[in-house]
Amino acid sequence: MNAIPVNAENKYEVLVDCNWREALKEIAKSRTRVGIVVSASLRERLGDISLGDCDVHLFEIIDGEGSKSAENLQLMWDWLGAGGFTRSDVLVAVGGGATTDVAGFAAATWLRGIDWIAVPTTLAGMVDASVGGKTGMNSSFGKNLIGAFHSPSAVLIDCEWLSTLSDRDFSAGMGEVVKCGFIADAKILEIVENNSLAEIRSSRALTTELIERSVRVKASVVSEDFKESFAREILNYGHTLGHAVELHSNYCLRHGEAVSIGMVFAAELAAATGHLSDEIVARHRRILVSLNLPTSYARDAWAQLLPLLYLDKKSRGRQLRFVGISDIGKTFRLEEVSTQELTQTYERISQ
């Protein structure tokens, strides 16, 4: 087990390859109540949770992005109130990125902020959603437009959860891993290029190294810039178009699949504006295809996608801003791109 420190508005550790039940027992010794929010598909696997003298309260939440709604949030607030949760108690989110997003937001807003712990169960959740203190829910206008910065007290990454994932969900999680490679850690890309998807998934050592490297990238960025000026914006590489594609697909595409498409778009845009070589654009496609991730989207969707881009959280006024790379590990802010350039770039990645 490795402990990776994060220095945000409070200091905490991400425990990689830990036994989450044992780690939670230690944390719970100082608590009166522990509320566990678990996604429906994992409820049976969770079984009974005993945490010594702590009162354990359980809340089952629907799977996926549909859980990040005002209706679900109200149900969680009512549950916290009925359970008598105080500021000395703790909320534990067990599930994928959607679960940690909305449970973290419930913790941020209950009594103006109570402690919470993330137990991510998907690869995407382990390397992205659970680390960094971004919590939130969706609006009909876009993904994660409502939220708060509220860091967890700890993140407990137990790699045993990876065995519960479908091949598609594992591949989708690799989209976020590869993103960390392109923006900060070339070794991640080398590992992926030198091993097949099946070899990565079957090797505990490889998956643990990729998770740890990805978490270190995010922990370093978040520690430098908690509330997202440009330093933290680099973690959104591929997300500008990616979030729009997710919403347009009615979340039928996994987050990592949409980000994969978004990264190819961002790479093509950087190349079109003279910042990135065609070789690295091709490397994007080669790596992502090897992970069974999509690299294109429907041509006739552009008219609907373009307005969604302006709702991206990086936008300022009427100006779109993208995260671009000029080389592996070298990021920059791509601004003042014309609608014509955007349209022509999208045509190159559409099908």
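The values are calculated or read from the model by the stated rules, or taken from the named source; none is laboratory data. Remember, predicted model here, so these are calculated numbers, not experimental data. Note: ideal-geometry Cβ built from the backbone for every residue, glycine included; neighbour counts use all protein chains shown.
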Requested in this report: May I ask you to list the residues in the stretch 190-214 that are more than 17 Å from D128 (Cβ to Cβ) and in contact (Cβ under 8 Å) with a residue 40 or more places away in the chain?
Outcome: E193, S196, L197, R204
Requested in this report: Taking only the stretch 44-58 into account, find how many residues are in a helix (DSSP H, G or I) and surrounded by 15 or more Cβ atoms within 10 Å (Cβ to Cβ).
Outcome: 1
Requested in this report: Could you please find all residues in the stretch 134-167 being within 22 Å of N19 (Cα to Cα) and in a loop (DSSP other than H, G, I, E, B)?
Outcome: S151, P152, S153, D158, L165, S166
Query raised in the report: Which of the residues that make up the stretch 1-33 are within 22 Å of L210 (Cβ to Cβ) and outside any loop (DSSP other than H, G, I, E, B)?
Result: N2, A3, I4, P5, V6, Y12, E13, V14, L15, V16, W20, A23
**Report entry** Criterion (buried (at least 16 other Cβ atoms within 10 Å of the Cβ) and under 20 Å from the mean Cα position of the chain (by Cα)) met by exactly one of I349, I234, I280
**Finding:** I234
Query raised in the report: Within the stretch 24-43, restricting attention to residues that are more than 22 Å from K134 (Cβ to Cβ) and touching an Asp or Glu at 6+ places or on another chain (Cβ under 8 Å), which residue is surrounded by the most Cβ atoms within 10 Å (Cβ to Cβ)?
Result: V34
Query raised in the report: Among the listed residues S203, S229, which satisfies the condition of being at negative phi, out of contact with any Phe, Trp or Tyr (no Cβ under 9 Å at 6 or more places or on another chain) and at pLDDT 95 or above?
Result: S203
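From the residues in the stretch 181-197 that are aliphatic (A, V, I, L, M) and assigned to a helix (DSSP H, G or I), which one is surrounded by the fewest Cβ atoms within 10 Å (Cβ to Cβ)? First the steps, then the outcome.
Our first condition is that a residue be aliphatic (A, V, I, L, M); within the stretch 181-197, this holds for 183-184, 186, 188-189, 191-192, 197.
Okay, now just the ones that are also assigned to a helix (DSSP H, G or I), so 183, 186, 188-189, 191-192, 197.
Working: I183: 22, A186: 12, I188: 24, L189: 19, I191: 17, V192: 21, L197: 16.
Top of the filtered list is A186.
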Requested in this report: Determine whether the stretch 110-130 contains at least one residue that is crowded, with 24+ Cβ neighbours inside 10 Å, farther than 18 Å from P5 by Cβ, of a type in the set (A, V, I, L, M, F, W, C) and in the same structural domain as R254 (by TED's automatic domain parsing).
Outcome: no
Query raised in the report: Do we find a residue being within 13 Å of T240 (Cα to Cα), modelled with pLDDT of 95 or more and touching a His at 6+ places or on another chain (Cβ under 9 Å) anywhere in the stretch 322-331?
Result: yes
Report task. Return yes or no: is R213 surrounded by fewer than 23 Cβ atoms within 10 Å (Cβ to Cβ), touching a Lys or Arg at 6+ places or on another chain (Cβ under 9 Å), modelled with pLDDT of 90 or more and over 26 Å from Q304 (Cβ atoms)? Result -> yes
Report task. Among the residues of the stretch 73-118, count how many are aliphatic (A, V, I, L, M) and outside any helix (DSSP H, G or I). Result -> 8
